[in-house]
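Notes follow once the structure below has been shown.
The values are calculated or read from the model by the stated rules, or taken from the named source; none is laboratory data. Model, not experiment: these values are computed from the prediction. Ideal geometry is used to build each Cβ from the backbone, glycine not excepted, and the neighbour counts take in all protein chains shown. Surface areas here come from the heavy atoms of the whole protein model, side chains and all, with no ligands, DNA or RNA. Shrake-Rupley method; radii C 1.70, N 1.55, O 1.52, S 1.80 Å.
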Amino acid sequence: MNFVECHEEPIHIPGYIQSFGYLIGIDAESHSITFFSKNIEDIFNIESTEQLFDRKLTDFSGIFKSITGSDLYNSLPDFTKRENETYFDKIFIDGKEYHLSAFRSKGNIFLELEKVLVNPNKRISNKYDNFYIIDDEQEIWNQLLNTLSRIVNYDRMMVYKFMMDGSGKVVAEKTNNNLESYLGLHYPESDIPIQARELYLKKRKRIFSNVHTETVPILSKSKENLDLTYSASRGMSPIHGQYIKNSGASSSFSVSIIIDDHLWGLVTCQNSEPKHIDLEDRVQAGIFTALASNAYSSFRSKNELNYRLELNERALRLKAEFLKNNSLFDSLTENKSEIKNFLEADGLAVVAEEKMVTEGSTPDMKTIRAIIQWAHENTDDDIYLSRNFLKNHGKELVLDEKSAGVVIYFIDRSKNNVLIWFRKEFDEHINWAGNPEKKIDVIYKDGEEMKVVSPRTSFQLFTENIKGISRRWDSRNIVALQSIRDLILETSHKNYITIKRLNDELKKVNEELDSFSYTISHDLGTPLTVMKLNAQMLLKTLTDTSEKSRNKINSIIEEIDSMAEMMNDVLQLSRAKHSEIQLESLETQRIIEKICENAKITFGSPQSEIIIKACPKVLADKTMLHQAFLNIINNAIKYSSQQENPKIEIEGTEEGDSVTYRISDNGIGIPEENKHRMFKIFNRMDNAKKFKGNGVGLSIVHRIMKRIGGEVSYESSKEGTCFILVFKKPYL
């Protein structure tokens, strides 16, 4: 008896399509007809379908003139240069309007047709352009569902996130009263097996209009299975169709959420009644999902960059504390609380020079020594992590709930110098949508008995309690551990080779940070350009009567341009920290005057009164000096531009060995509650939301002044703000 797992089902070659679509395949070179769906005879007057094979559409000019006369068909050589890129057009067949799409795949050109549906209830929210100013992951996905509901309007709309093991969880949801809520529920990996996830990565929008309708077979002279991976009307797997029926739905629609070229999750929608979504609406849903995906990626990148910067600062402070002591053990024990908190652990054990000190919640010393002995015998690497340590080794080592999760770091195995971080048992339970255990059915195919995985029939809440584990050690904990490791190695009086290696690693870290900034500013430029082109293409397809929709799409294009500007600012921030500098005596008068002239034009504030007083020379790098004045003066003019009489005053004074410039304005001022984070990246004041910006400029100034040996500070009140730049005085 054969056994067929879910991941073995060949869902990309079903041999049929859904009934809403019509498919014609032609040879990519000769353009002769090689296959077609049987239902094309429903819309074209064909006497015998057998006569179509090996002939061209142009041979039947009367039958297929609507296709052969289209701009898309006449430009096929241009539109099918690359594989699996789909292009769209609209045609009329017997007075009815159809979408016509074309793409080339594996030697064939696929021509797909489906009727144009008018969605009279479609309304696009004016809040979608807030994606890039939302500072909360949950709100990004909720906003996406709210936006898509005005286009798709299915009974249940969810954001489904894939976990590391292939299972998934519903992290956001919008429902009406027709279907129950699945928010927070988990789904096993077998619900969306690996080959389905691979298809979602290739074909990012999939619709199953009606699970109850009959499929349409594809007729072909070739005996080879036809790959329908990129076909919009590809027939669904019978197992998947039964799965949707079991959930109480009749239609499903999904859009892939792609983060860093990986399938992060899906927007998956279900409707209790059969419902088709027009092709243009599906394309638009894909654009909005891509916008939200990029907003989430940007949000995550901001948080990660802020965390790395904060971690570097903490590591520098800890390094200073380490250097106060003459031995490694003293350095570790004097700072054990901070070392514990670096990994967000509940407890820490420091073992060095045959001594042991603990901090926080830890097992007793006898148990700790047993854990160390186990690590010596069962691990080879210097670092070992586990969140299942109690579950896997509890009986063997007589562990309690304090050691459910461990991180073991051998500073020096030969000397038994070890750090162990502990996490307590986490009372975790998983709420599954139905029992996740697989149900096996027996079917007969071609006279042979086969076992197959049957789709679940119940989606009722099923709670699984998990014992013996801790909270997961995440990527940030790993980065923090590496920071601790590097710090210990750097300050433990190693020989020259070790110190040189550490310097090389530090250089690599800086290069990675630079690469991170360049990735944001350069590599993400390509998907942004694609999104912009898609939005512009969508704009061209809208009719003259769709003025509101045209305005919304124009707003999308503007937001894409804003994100590109933000990425460029992040690149400038990186350069301010790592680029080479050349300090020299510089005149400032002309630089300031030019910046002021341009800023008045940029911010549409010709009425701004700018008073430039004394401008003494300063010691600085020419490029960085310009960048510092540019950001401060631009802010002064921008944030005062809406005052009745905007006024900016710039004055430099010499004080001992320094030169101080004060740039004052009568703008909106800086609220007291924002002062503690003024120079942090991506920080924006609450009262500045109506002004365009992304909160990077002051971070650039702060880094520049530190690089050239200066300082930046400010004074502010309701009457305005004064930024103070202190430079070194040039040498005589």
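Report Met537's accessible area, 1.4 Å probe, all protein chains in place, as a number in Å² to the nearest 10.
100
Based on the Cβ-Cβ distance from Leu219 to Ile194, what FRET efficiency comes out when R0 is 35 Å, to the nearest 0.05?
0.70
If you take the charge dipole of the range 153-273 about its Cα centre, with +1 on Lys and Arg Cβ and -1 on Asp and Glu Cβ, which of Ile239, Asn178, Leu199 is farthest toward its positive end?
Farthest towards the positive pole: Leu199.
Report the residues of the range 135-151 in range of a label on Val171: point 7 Å along Cα→C-beta, backbone N strictly under 11 Å from it.
137-142
With a/c under 1.5 counting as rounded, go ahead and sort the range 152-216 into rounded, prolate or oblate using the C-alpha gyration tensor (a ≥ b ≥ c being the square roots of the eigenvalues; past the cut-off, prolate if a/b is larger than b/c, else oblate).
Taking the square roots of the gyration eigenvalues as a ≥ b ≥ c, the range 152-216 is oblate.
Between the range 207-277 and the range 585-621, how many Å separate their Cα centres?
Their Cα centres are 61 Å away from one another.
When ranked by the protection proxy of mean other Cβ atoms within 10 Å per residue, highest first, what sequence do the peptides 639-645, 23-29, 75-81 form?
23-29, 639-645, 75-81
Show the residues, 5+ positions off or on another chain, whose built amide H is closer than 5 Å to the amide H of Gly168.
Met163, Tyr187
Any idea of Trp264's accessible area? Nearest 10 Å², probe 1.4 Å.
30
Simple spin-label model, 7 Å along Cα-to-Cβ: Ser555 to Lys355 in nm?
In this crude spin-label approximation the distance works out to 6.4 nm.
Report the extension gain between Glu85 and Lys161 in nm, rounded to one decimal, defined as 0.36 nm multiplied by the number of residues separating them, less their alpha carbon distance.
Gain on extension, Glu85 to Lys161, equals 24.7 nm.
Set the Förster radius R0 to 51 Å, insert the Cβ-Cβ distance between Lys540 and Lys675 as r into 1/(1 + (r/R0)^6), and round the FRET efficiency to 0.05.
0.60
Could you report the accessible area of Arg104 in Å², rounded to 10, computed with a 1.4 Å probe on the protein chains as they sit in the structure?
Accessible area of Arg104: about 50 Å².
Taking amide H positions as placed 1.01 Å from N in the peptide plane, with prolines and chain starts having none, which residues 5 or more places from Glu173, or on another chain, fall under 5 Å of its amide H?
Hits under the 5 Å cutoff: Val159.
For Lys122, Lys106, write out the residues from largest to smallest accessible area, computed with a 1.4 angstrom probe and no ligands counted.
Descending accessible area places them as Lys106, Lys122.
Can you tell me how much longer the chain between Leu316 and Ile133 gets when fully stretched, taken as 0.36 nm per residue apart minus their C-alpha distance, in nm with one decimal?
Answer, rounded to one decimal: 62.7 nm.
On a 24 Å Cα-Cα criterion, which of the cross-link pairs Lys319/Lys680; Lys106/Lys245; Lys161/Lys402 come out too long?
Those over the limit are Lys106/Lys245; Lys161/Lys402.
May I ask you to evaluate 6.51 cos²θ - 1.76 cosθ + 1.60, the Karplus curve with θ = phi - 60°, for each residue of the range 633-645 and list the ³J(HN,Hα) values in order in whole Hz, giving x for glycine and proline?
Going residue by residue, I get 5, 4, 4, 4, 6, 5, 7, 10, 5, 9, 6, 5, 10 Hz, with x marking Gly and Pro.
Positive end of the charge dipole of the range 289-431 (Lys, Arg +1 and Asp, Glu -1 on Cβ, about the Cα centre): tell me which of Asn335, Tyr384, Ala349 has its Cα farthest that way.
Of the listed residues, the answer is Asn335.
As a quick test, which of the pairs Lys675/Lys706; Lys647/Lys675; Lys81/Lys540; Lys532/Lys706; Lys324/Lys622; Lys81/Lys552 have an alpha carbon distance above 28 angstrom in this structure?
Lys532/Lys706; Lys324/Lys622; Lys81/Lys552
Applying 1/(1 + (r/R0)^6) with R0 = 51 Å to the Cβ-Cβ distance of Lys56 and His212, what FRET efficiency is obtained, to the nearest 0.05?
0.90
Calculate the spin-label point distance for Glu47 paired with Gln373, positioning each point 7 Å from the Cα along the beta-carbon direction, and give it in nanometres.
With each label placed 7 Å out from Cα toward Cβ, I get 9.3 nm.
So, how do all the Cα-to-Cα distances of the range 362-405 break down into 10 Å bins, in percent, from 0 on up?
Spelled out bin by bin, the range 362-405 gives 28, 62, 10 percent.
Determine the gain in length on full extension of the stretch Val398-Glu711; use 0.36 nm per residue of separation and subtract their C-alpha separation, reporting nm with one decimal.
Extra length available between Val398 and Glu711 comes to 107.0 nm.
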